1. With the requirement that a residue be assigned to a helix (DSSP H, G or I), surrounded by fewer than 16 Cβ atoms within 10 Å (Cβ to Cβ) and not hydroxyl-bearing (Ser, Thr, Tyr), what does the range 39-56 give you?
2. What's the number of the condition Val52 fails, among (1) within 12 Å of Ala37 (Cβ to Cβ); (2) modelled with pLDDT of 90 or more?
3. Whether any residue in the range 57-69 is charged (D, E, K, R), within 16 Å of Asn34 (Cβ to Cβ) and surrounded by 13 or more Cβ atoms within 10 Å (Cβ to Cβ) is what I want to check.
4. What tally of residues in the range 34-45 results from selecting those that are without any contact (Cβ under 8 Å) to a residue 24 or more places away in the chain and closer than 14 Å to Asn78 by Cβ?
Amino acid sequence: MQYLQNQAELERIAEEILTEKQLIIDLDRRRNENRMALASFRQGKMKDDKRVYFFAGGLFMKLPKESAKENLEKDQQNIDAEISRLRDSIKERTRDLELKEKGKIDRTKGFELKSIGKDDLRTMVRHPVTD
């Protein structure tokens, strides 16, 4: 009976990992669409209209250009934050899955490193470390 419970738990964690990976793919697709829309704002491909059509929540709205652009930028930030959160969650769940399967973690700690963000990189460039 304990074996079946363990297998059910492993299957649940694996299913959550796969679901989160699919969410990342969907969010990345949406992020790319937003990026293309923002590029069209920057390149001036929009007509000289003061208002543009904006699709959100299953309906079209006619919004001022600046408002539509701000909504896209906010959505882009939210998507980036959600993708980052999902990636961290996948790392944790993968670690839990490996721990429950093998009883130990074979990976090195280097897999848990986080990348440098834009702000950290700017700080490093402004204030270089000298030996």
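The values are calculated or read from the model by the stated rules, or taken from the named source; none is laboratory data. What you see is a predicted model, and the numbers here were worked out from it, not measured in a lab. Here Cβ is always computed from backbone atoms with ideal geometry, including for glycine, and neighbour counts include all displayed protein chains.
1. Ala39, Arg42
2. Condition not satisfied by Val52: (2).
3. yes
4. Adding up the residues that qualify gives 0.
To keep it simple, each residue is scored yes or no on (1) farther than 26 Å from Glu98 by Cα; (2) acidic (Asp, Glu); (3) touching a strand residue (DSSP E or B) at 6+ places or on another chain (Cβ under 9 Å).
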site	(1), (2), (3)
Glu9	no, yes, no
Glu20	no, yes, no
Arg30	yes, no, no
Phe54	yes, no, yes
Lys65	yes, no, yes
Ala68	yes, no, yes
